[in-house]
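Visitor: This is the structure I want to talk about, given as structure tokens.
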Amino acid sequence: MDSTLGPLDDLLSVELSDSTASPNPSADRAPSAAPSSQGDARVRRKPIPKKGHTKSRRGCLSCKRRKVKCQEDLPECTNCTRLGLRCVYSGFRLAAASAELSPVPAAPLSTVPEAFTMKDLQYFHHFLITAYPPLPMQGDAVWKGVAALSHQYDYLAHAMLGLAASHLSLYTGNDAGNALTHRVKAISSLNESLNHPCTSTAEGDARFGAIMALTFQASCMPEGMTEFLSMVRGCHVIAATGVLDFSKSLFRDFTEEGYTDSVKRLVGTGGLALDGLQARYFDEFFVSLRKLAPLCTSPLEIKLLAAAERVSKQVRISAVDAFTECSLVYGMINSSSNTEFSPFLDPTNYPTQLLLIHFFFIEFAIGELCLGLLGERFGFKRRATLSWLNTLLKTLPEEYWSYAEWPIKYAGVLAAGLDSPFNLNQVHPSMPQFLARRSVLSPT
């Protein structure tokens with residue numbers, strides 16, 4: 001058996017030893033039917049009926065090792081709670097509960113050495129059905145395969161549950177606390193794992209799947225814009241060093257070439273046919289970037305600004321090229337040095353923050369226009385991008401307000417029909433009047 005299974009080997013061996021044991025321990029030692037020489041002279045007692053088998057076969061591992069009857073309470077049995085022992089059940093206890101939630105076999109959460117709740121099972125189900133990362137495109141099978149590894153790697157399990165909780169919180173607002181708890185545990189456990197060499201393709205897939213889930217969880221967090229970029233860099237590092245044999249990886253098709261091919265199949269090679277309103281927003285986006293240009297002074301800011309301008313021009317010529325330019329932006333961020341990248345993490349570096357919010361808004365717009373119904377997999381980014389803009393505007397000094405006019409205007413379009421529409425008055429009551437007096441979107 002693969003040595004990477006770790007604790008799963010112990011669980012299987014315990015189950016095997018229990019299932020192969022004789023159901024009646026005294027049967028192997030039954031007396032012979034032949035009478036003994038002494039037994040002929042004695043009066044035989046009436047045989048006492050044998051007691052039926054009462055050993056628990058569904059008990060926790062601690063009770064099995066101590067050879068005591070387990071009450072089989074979930075998430076922890078009474079014996080373990082009373083004695084302060086770690087209570088871990090064999091995989092089949094939660095496998096039955098999650099069989100209808102997950103189409104992948106043998107992926108029980110309970111083999112992770114922690115107690116998971118029914119709420120976590122809801123998150124697990126939500127991850128499999130809705131919240132798994134939208135990349136690779138049409139990658140349902142990839143993420144089902146990744147989910148099957150979650151019972152072996154606790155950082156992957158927590159990353160999946162954290163993403164699902166943050167995704168739900170975008171719509172309900174009630175799961176942010178649980179999302180943060182799982183995120184902290186996932187990051188801590190993943191960091192510990194990264195201190196050791198990767199020993200198998202499965203472990204490499206688990207590491208990459210975890211960092212991908214953490215990255216998209218950041219994209220669901222109201223204050224997660226800069227953390228999202230940090231996690232993107234983490235994906236790049238783990239992809240380069242964390243998978244031993246990429247040809248056998250679940251993510252083997254998730255390459256730059258594979259991404260471009262997927263986009264070509266989905267959107268074709270032509271440009272987008274924009275209506276009047278859509279064309280105006282792209283034109284105003286370009287004008288807004290030109291107004292912002294004098295504030296962009298670092299090499300990485302200038303590169304990002306140039307790439308965003310190319311996106312606004314290419315969208316009419318080739319949707320594939322526009323998508324490619326967006327992916328090249330992430331390539332620039334991944335290849336930048338820590339010195340070049342660190343200003344992007346400073347929330348008071350307002351020119352960079354404004355440039356980033358421009359890019360994320362136009363990236364979402366292109367995806368929604370190009371992918372149509374397939375773009376629903378990225379639908380959560382509508383709420384997330386609005387949250388990022390809200391976070392930025394709450395601290396944006398007044399001298400920068402005019403540079404935020406295009407994102408604010410487009411935010412009103414994105415928020416239409418949502419149950420929590422974008423309300424500029426709640427961010428800065430005086431900002432709407434300021435922007436009404438001074439527009440930066442008309443060409444000069």
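Visitor: I'd like the full set of residues that are charged (D, E, K, R) and in a helix (DSSP H, G or I), limited to the range 239-274. Write out each step before concluding.
Guide: Step one: of the range 239-274, the residues charged (D, E, K, R) are 245, 248, 252-253, 256-257, 261, 264-265.
Result: LYS248, GLU256, GLU257, ASP261, LYS264, ARG265.
Visitor: Does ASN191 satisfy the condition of being among the polar types (S, T, N, Q), free of Cβ contacts under 8 Å to residues at least 12 places away in the same chain and either in contact with an Asp or Glu (Cβ under 7 Å, 6 or more places away or on another chain) or in a helix (DSSP H, G or I) (or both)?
Guide: Working: among the polar types (S, T, N, Q): yes; free of Cβ contacts under 8 Å to residues at least 12 places away in the same chain: yes; either in contact with an Asp or Glu (Cβ under 7 Å, 6 or more places away or on another chain) or in a helix (DSSP H, G or I) (or both): yes.
Yes; evaluated as a whole, the condition is true for this residue.
Visitor: Residues of the range 323-368 being more than 25 Å from LEU396 (Cα to Cα) and aliphatic (A, V, I, L, M), which ones?
Guide: Answer for the range 323-368, where residues must be more than 25 Å from LEU396 (Cα to Cα) and aliphatic (A, V, I, L, M): LEU328, MET332, ILE366.
Visitor: Any idea which of PHE378, PHE323 is modelled with pLDDT under 85 and touching a Gly at 6+ places or on another chain (Cβ under 7 Å)? I'd like the intermediate steps shown before the answer.
Guide: Values: PHE323 fails: touching a Gly at 6+ places or on another chain (Cβ under 7 Å).
Sole residue among the options that is modelled with pLDDT under 85 and touching a Gly at 6+ places or on another chain (Cβ under 7 Å): PHE378.
Visitor: Out of curiosity, is TRP388 of a type outside the set (Ser, Thr, Tyr), farther than 19 Å from ALA218 by Cα, modelled with pLDDT of 90 or more and buried (at least 17 other Cβ atoms within 10 Å of the Cβ)?
Guide: Numbers: of a type outside the set (Ser, Thr, Tyr): yes; farther than 19 Å from ALA218 by Cα: no; modelled with pLDDT of 90 or more: yes; buried (at least 17 other Cβ atoms within 10 Å of the Cβ): yes.
Answer is no for this residue.
Visitor: Do we have any residue at all in the range 363-378 that's in a loop (DSSP other than H, G, I, E, B), of a type outside the set (Val, Ile, Thr) and touching a Lys or Arg at 6+ places or on another chain (Cβ under 9 Å)?
Guide: As a first pass, look at the range 363-378 and keep what is in a loop (DSSP other than H, G, I, E, B): none.
No, that holds for no residue.
Visitor: Also: When you scan the range 338-385, how many residues do you find that are of a type outside the set (A, V, I, L, M, F, W, C) and either within 29 Å of VAL263 (Cα to Cα) or surrounded by 17 or more Cβ atoms within 10 Å (Cβ to Cβ) (or both)? Full working, then the answer.
Guide: Of all residues in the range 338-385, those of a type outside the set (A, V, I, L, M, F, W, C) come to 338-340, 342-343, 346-353, 358, 363, 367-368, 372, 375-377, 379, 381-383, 385.
Now drop any that are not either within 29 Å of VAL263 (Cα to Cα) or surrounded by 17 or more Cβ atoms within 10 Å (Cβ to Cβ) (or both), which leaves 349-353, 358, 363, 367-368, 372, 375-377, 379, 381-383, 385.
Total meeting the criteria: 18.
Visitor: If you scan the range 321-352, which residues turn out to be in contact (Cβ under 8 Å) with a residue 40 or more places away in the chain, more than 24 Å from the chain's Cα centre (by Cα) and in a helix (DSSP H, G or I)?
Guide: Residues satisfying the conditions are ALA322, GLU340, PRO343, TYR350, PRO351, THR352.
Visitor: Among the candidates LYS185, LYS119, single out the residue that is more than 15 Å from the chain's Cα centre (by Cα), part of a helix (DSSP H, G or I) and not assigned by TED's automatic domain parsing to the domain that holds PHE361.
Guide: Among LYS185, LYS119, only LYS119 is more than 15 Å from the chain's Cα centre (by Cα), part of a helix (DSSP H, G or I) and not assigned by TED's automatic domain parsing to the domain that holds PHE361.
Visitor: For the condition of a type in the set (Gly, Ala, Ser) and buried (at least 24 other Cβ atoms within 10 Å of the Cβ), what is the one hit in ALA202, ALA164, ALA239? Give the steps one after another, and end with the answer.
Guide: Numbers: ALA202 fails: buried (at least 24 other Cβ atoms within 10 Å of the Cβ); ALA239 fails: buried (at least 24 other Cβ atoms within 10 Å of the Cβ).
One residue alone meets the criteria, ALA164.
Visitor: Quick one: VAL267 ticks every box in (1) buried (at least 20 other Cβ atoms within 10 Å of the Cβ); (2) of a type in the set (A, V, I, L, M); (3) out of contact with any Cys (no Cβ under 6 Å at 6 or more places or on another chain) except a single one, so which number is it?
Guide: Every condition holds for VAL267 apart from (3).
Visitor: Please give the number of the condition ALA206 fails out of (1) modelled with pLDDT of 90 or more; (2) in contact with a helix residue (DSSP H, G or I) (Cβ under 6 Å, 6 or more places away or on another chain); (3) within 21 Å of ILE333 (Cβ to Cβ).
Guide: With respect to (1) modelled with pLDDT of 90 or more; (2) in contact with a helix residue (DSSP H, G or I) (Cβ under 6 Å, 6 or more places away or on another chain); (3) within 21 Å of ILE333 (Cβ to Cβ), ALA206 is out only on (3).
Visitor: Tally up the residues in the range 268-300 that are within 21 Å of ILE408 (Cβ to Cβ) and acidic (Asp, Glu), please.
Guide: Residues flagged as within 21 Å of ILE408 (Cβ to Cβ) and acidic (Asp, Glu) within the range 268-300 amount to 2.
Visitor: Select, from LEU277, LEU304, the only residue that is more than 30 Å from LYS144 (Cβ to Cβ), in a helix (DSSP H, G or I), without any contact (Cβ under 8 Å) to a residue 40 or more places away in the chain and not polar (S, T, N, Q). Show your work before the answer.
Guide: Details: LEU304 fails: without any contact (Cβ under 8 Å) to a residue 40 or more places away in the chain.
After ruling out the rest, the residue left standing is LEU277.
Here is a yes/no grid of residues against (1) more than 12 Å from the chain's Cα centre (by Cα); (2) part of a loop (DSSP other than H, G, I, E, B); (3) in contact (Cβ under 8 Å) with a residue 40 or more places away in the chain:
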{"residue": "HIS151", "(1), (2), (3)": "yes, yes, yes"}
{"residue": "SER166", "(1), (2), (3)": "no, no, yes"}
{"residue": "LEU170", "(1), (2), (3)": "yes, no, yes"}
{"residue": "LEU180", "(1), (2), (3)": "yes, no, no"}
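The values are calculated or read from the model by the stated rules, or taken from the named source; none is laboratory data. Here the structure is a predicted model, which is why all the values come from computation and not from measurement. Positions of Cβ are generated from backbone atoms using ideal geometry, with glycine treated the same way; all protein chains shown enter the neighbour counts.
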